[in-house]
Structure formats: structure tokens, C-alpha cells
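The values are calculated or read from the model by the stated rules, or taken from the named source; none is laboratory data. The model shown is predicted, which means the values in this text are computed figures rather than measured ones. As a convention, Cβ positions derive from the backbone with ideal geometry for all residues, glycine included, and neighbour counts pool all protein chains shown. In case anyone asks, the SASA skips ligands and DNA or RNA and just uses the protein heavy atoms, side chains included. Shrake-Rupley method; radii C 1.70, N 1.55, O 1.52, S 1.80 Å.
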Amino acid sequence: MHHLSKLDNGINLITIPIKSTKAVTVLALFPVGSRYENKKISGASHFVEHMMFKGAVKRTNALEISRQLESVGADYNAYTGGNYTGYYVKINGKQQELAYDILSDMLFYSKFDPVEVTKEKGVIIEEVRMYEDNPTYAVDQLINQVVFGDHPIGRDIGGTVGTVGKMTRKSLYNHYKKYYVPQNMVLVISGAVPKKKQLNKYLEYFTKEKKGKVSSKRLVESYKKYTWPKAPIKLEKRVVVKKKKLDQAHLVMAFPGLKYTDKRVYALAALLNILGSGMSSRLFVEVREKRGLAYMVHAKQNKFKDVGVVEIKAGLDPARLGLALEVIINELKKIVKDGITSKELKDTKSSVVGGMSLAIENSSMQADWYAKQFWFNKDNTTIEQELANFKKVKIEEVTNQTPPEEVIE
């Protein structure tokens, strides 16, 4: 059972005791990511994430941070998305004080040494190029650009070679100081949570930081919202082909989906699970098992606060791309026309509930779940409530999530 409270300096605290583990995950999540950036500083949130590991007041360089954490076998990392940036340390519960010490030092007292900023530019530029050269990732960015255009959601989270190259120490530091204040943080402690007295002692590492200046509007709501165009988009703007000398063709088909808090997301999740999740899904069976047209094919939904996208993705044999497209489209038409069976719904419920039951044994998964629920779902749904909502999905609700057949044509 998770517990929500607030520290004196405004940090939002969530504790999730898990008796079955001796590990603890300490996660700090800020509701700021690439969609909070203007075009000029595209990639700033991701750049700041990198700089958090480059030295602070207590540990003056990256090697000191990594050595201390790795010497106790800790798992640590960070991640940036469109809506958030997160930092975590997963560590033996008996040594967890180190996690609070290091994370607080990194997050509130990073130096942003100009020499390190210059060096890290090169690292990030190579990271951007790496993803551009990897077709599996590159096609994801391409579909974002097709769907969202020049809207911040459509831009690469890491920025471009141009924007990263022009980033200055001042612009990065200003971005950091603007958003990295206690009131904009949710701190999650999941797993072997210590007793209250001991926990309060560990939390002193974070409460030393005073409240920062924040705008009157909640940060989590201060992004540029996206709305789907009312007029139909011309075909030539909906189809993009990028040629590369590869042995495989990578395809993504995108459709309007549902935003993060839409109550219909459970029915849509069931539909996509039946259509393209796992080796028994319709697309996998028809595209890969029966015809050998792809190694990978699946369906998923990407959710944001204001909008959602459904994607069907496949890695295909280029010589048989036309046939693969025909098979995929036929499967979409079939599920639109005939819907799903009661057995399919029963099986997908069992699959999702079973998978989720395994996942919640992981303290890191629970920490990430509740941190995102705090910032992006006003209902603050628990994992148990999420599973209960999914179990309640009815067959007609799933059928209602299929797009009109003309959308697939």
C-alpha cells in the first residue's frame, strides 16, 4: 500500500513498502521533458539529465558518483521523455542512505562545469546519430514527425545535432534551475522502506534544499497542448518514405488514440493486446507465423496528458512489403467488421493481469508507476485499481474502440 505525503520544502513523497524484497528503489521524477522546450533549446531536458552525473558539490566528477554506487552493486540510471525526467538508484536496503545522499547532491547541487558541458555535447550528438542510424528507433521518430509535425511532441527527445551543438552552459543551467526545485519533484521510495525515524533521517538529505520559485500555474500543466486537425489530412502528408540501404523495411502505421486519463484506455489496451501483443496475437500469427513476412510485429498505444496515438509497427522483408501491408490491413478490417470473441477477451485479461502481477514484485516498476500516476493522473490510480478496471472491460467496449473502416483504407 502506497502512502503520499509532502515534505516541508514542498517535495511530494510516496512510500511503497514491499515486504518481500531486501532492495529499495529511490526515484525522483520531475514533470518536465522535451515537450516543455521551445525549438531553439530542443533536447535541453535530456542534456540536463546527462549533466546530473557529471559532478556536484560532494562528488566533483562522474567517476566519484559511479564508483560509489557500483562499489555496492547498485543499479542506477536516468531517463527523459516528453513529459518527464526521472532519476533512480536501486540498492541493497541496508545501504540505502547512499542513494539519498547521492541523488540529492546530483539533483540540487550539480556544477555544470563548462568543460564537462562541452565534452558532453559530443557524447549526446553521437547518441542522436546512433538513434538516427538504428532503423528501429529512427522509424519511431519519423512517425512522430508525421503525426505531430513541428509540435514539441513531434520533435526528438534528444534534440538534433544542430540544437545540441548550439546549447550553451548558461541555457542549460537556466533550464535546470527553472524546473529542478523541490515543489516540482515527486520522490518515491519503494521496497525495503525503513521505519519512520530512520526514513526521516535519510530524508534530511533532501529537506536541506529550500523551496524554489515556481510559476502560479502547475508545471505539469504548462506545456503546449495538441489537438487533432478537424479537416482530413491529405494522403501525401500522411505517408512518408525514407530510403536507407538496409536488409529490412521498418513500418509504422499510426492512428488517433486516447489521452492518459481517458476511461476507455482499458478497452483500447484489450483491443491492442488481442491485435498485436505476444506470439498468439492476431498480427503475429498472420504476419509472422503463417507467412514469415516479419520478425517483429506488434500494436501499442502511446498516451499523453492531452492526446494519444495507436501504432502498429513491423520489421519486414522489403521484397514482400506490399503483401505484408495487405495482410496487416486485412486484419485491421477484420477486427473492425467482426470484433473480437469472448474467449479472446478472457485470455487477454488473464494475460495482462498475470503479467502485471509479476511486474509489481519489482520495486523499480512500482516506483515508476506511482510517480507517473502522481503527476499525470488526477485519480492517482493504484495498481490494484488499474487491474480491477481492466477486468471490468466488456466485449462491446472493446469493439467500440475500433476505428471506422474508412480510416484504414
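Between Gln198 and Lys243, with labels modelled 7 Å along Cα→Cβ, what's the label distance in nm to one decimal, could you check?
6.5 nm
For the charge dipole of the chain, defined by +1 on Lys and Arg C-beta atoms and -1 on Asp and Glu C-beta atoms about the Cα centroid, which residue among Tyr100, Phe284, Asn9 has the Cα displaced farthest towards the positive pole?
Among Tyr100, Phe284, Asn9, the one farthest towards the positive end of the dipole of the chain is Asn9.
Filter the cross-link list Lys224/Lys303; Lys166/Lys210; Lys243/Lys313; Lys349/Lys394; Lys313/Lys333; Lys90/Lys300 down to pairs whose alpha-carbon distance in this structure exceeds 20 Å. Don't jump to the answer; show the numbers that get you there.
Values: Lys224/Lys303 15 Å; Lys166/Lys210 32 Å; Lys243/Lys313 17 Å; Lys349/Lys394 11 Å; Lys313/Lys333 17 Å; Lys90/Lys300 28 Å.
Going by Cα-Cα distance, Lys166/Lys210; Lys90/Lys300 fall outside the 20 Å limit.
With the cut-off at 1.5 for a/c, could you classify the range 226-348 from its C-alpha gyration tensor as rounded, prolate or oblate? Before the final figure, lay out the partial values.
Details: a/c = 1.91, a/b = 1.11, b/c = 1.73.
In terms of gyration-tensor shape, oblate.
What part of the accessible area of the chain, given as a whole %, is carbon or sulfur when the probe is 1.4 angstrom? Kindly include the intermediate steps, with their values, before the conclusion.
Values: 11210 of 20940 Å².
Carbon-and-sulfur percentage of accessible area, whole number: 54.
Which three lengths, in whole Å and largest first, does the range 233-280 cover when its Cα atoms are put on their principal axes?
Reported extents, whole Å, longest axis first: 41, 33, 16.
Can you tell me the dipole magnitude for the range 59-202 around its Cα centre, using point charges on the Cβ only (Lys, Arg +1; Asp, Glu -1), in Debye to the nearest 20? Mind showing how you got there, number by number?
Working: 18 positive and 16 negative charges, 167 e Å.
Using Cβ point charges on Lys, Arg, Asp and Glu, the range 59-202 gives about 800 debye.
If packing is taken as the average number of other Cβ atoms within 10 Å across a peptide's residues, how do 174-183, 321-330, 45-54 rank, most packed first? The partial results should precede the final answer.
Working: 174-183: 17.9, 321-330: 16.2, 45-54: 22.8.
Highest-to-lowest ranking by the protection proxy: 45-54, 174-183, 321-330.
Which loop-located trypsin sites (Lys or Arg not before Pro) does the range 242-277 contain, where loop means any DSSP state but H, G, I, E or B and the Cβ has at most 13 other Cβ atoms within 10 Å?
Working: sites: Lys242, Lys243, Lys244, Lys245, Lys259, Lys263, Arg264; in loops: Lys242, Lys243, Lys244, Lys245, Lys259, Lys263, Arg264.
Taking the range 242-277 and a limit of 13 other Cβ atoms within 10 Å, the loop trypsin sites (Lys or Arg not before Pro) found are Lys242, Lys243, Lys244, Lys245, Lys263.
Suppose every K and R has +1 on its Cβ and every D and E has -1 on its Cβ; what is the size of the dipole of the chain about the Cα centre, in Debye to the nearest 20? It would help to have the intermediate numbers written out before the result.
Working: 65 positive and 45 negative charges, 226 e Å.
For the chain, the charge dipole is close to 1080 debye.
What FRET efficiency, computed as 1/(1 + (r/R0)^6) with R0 = 35 Å and r the Cβ-Cβ distance, is obtained for Val285 and Lys234, rounded to the nearest 0.05? Spell out each step's value before the answer.
Working: r = 34 Å, r/R0 = 0.98.
FRET efficiency, Val285 to Lys234: 0.55.
Defining a contact as two alpha carbons under 8 Å apart and six or more residues distant in sequence, what relative contact order in percent does the chain show?
Reported relative contact order: 20 percent.
Please say if the range 346-400 is rounded, prolate or oblate, where rounded means a/c under 1.5 for a ≥ b ≥ c the square roots of the C-alpha gyration tensor eigenvalues, and otherwise the choice is prolate for a/b larger than b/c and oblate otherwise? Don't skip to the end; give the middle numbers.
Working: a/c = 3.08, a/b = 1.43, b/c = 2.15.
Judged from the Cα gyration tensor, the range 346-400 comes out oblate (a/c at least 1.5, b/c at or above a/b).
Calculate, for the chain, the solvent-accessible area per residue in square angstrom, rolling a 1.4 angstrom probe over the heavy atoms of the protein chains. Could you put the intermediate results ahead of the total?
Details: 20940 Å² over 409 residues.
I get 51 Å² per residue for the chain.
With a 1.4 Å probe and every protein chain left in place, tell me how much accessible area Glu37 has, in Å² to the nearest 10.
Taking all protein chains as shown, Glu37 has close to 10 Å².
Lys/Arg Cβ at +1, Asp/Glu Cβ at -1, dipole of the chain taken about the Cα centre: which of Gly86, Ala249, Asn389 is farthest positive-ward?
Value: Gly86.
For the range 158-258, what value does the Rg/Rh ratio take when both radii are computed over Cα atoms and Rh is the Kirkwood radius, given to two decimals? Provide the component values of the computation, followed by the final result.
Numbers: Rg = 22.6 Å, Rh = 20.0 Å.
Radius of gyration relative to Kirkwood radius: 1.13.
For the range 307-409, state which trypsin sites (Lys or Arg not before Pro) are in a DSSP loop and have at most 15 other beta carbons lying within 10 Å of their beta carbon.
Working: sites: Lys313, Arg320, Lys333, Lys334, Lys337, Lys343, Lys346, Lys349, Lys372, Lys378, Lys391, Lys392, Lys394; in loops: Lys378, Lys392, Lys394.
Here the trypsin sites (Lys or Arg not before Pro) that fit, given the DSSP loop and packing criteria, are Lys378, Lys392, Lys394.
Translational diffusion coefficient, Stokes-Einstein: compute it for the chain using the Kirkwood radius over C-alpha pairs as Rh, at 20 °C and 1.002 mPa s, and state it as an integer in µm² s⁻¹. List each step's numbers first, then the result.
On the way: Rh = 23.1 Å.
D = 93 µm²/s.
Could you tally the net charge around Gly355, taking each other residue with its Cβ under 13 Å from the Cβ of Gly355, Lys/Arg +1 and Asp/Glu -1?
Details: positive: Lys349; negative: Asp347, Glu361, Glu386.
Summing Lys and Arg as +1 and Asp and Glu as -1 gives -2.
Quote the charge dipole size of the range 21-67 about the Cα centre in Debye, to the nearest 20; the model charges only the Cβ of Lys and Arg (+1) and of Asp and Glu (-1).
Details: 8 positive and 3 negative charges, 12 e Å.
About 60 debye.
Quick one: grab the alpha carbon gyration tensor of the range 120-180, order the square roots of its eigenvalues as a ≥ b ≥ c, and give me rounded if a/c is under 1.5, else prolate or oblate depending on whether a/b is larger than b/c.
Working: a/c = 2.69, a/b = 1.47, b/c = 1.83.
In terms of gyration-tensor shape, oblate.
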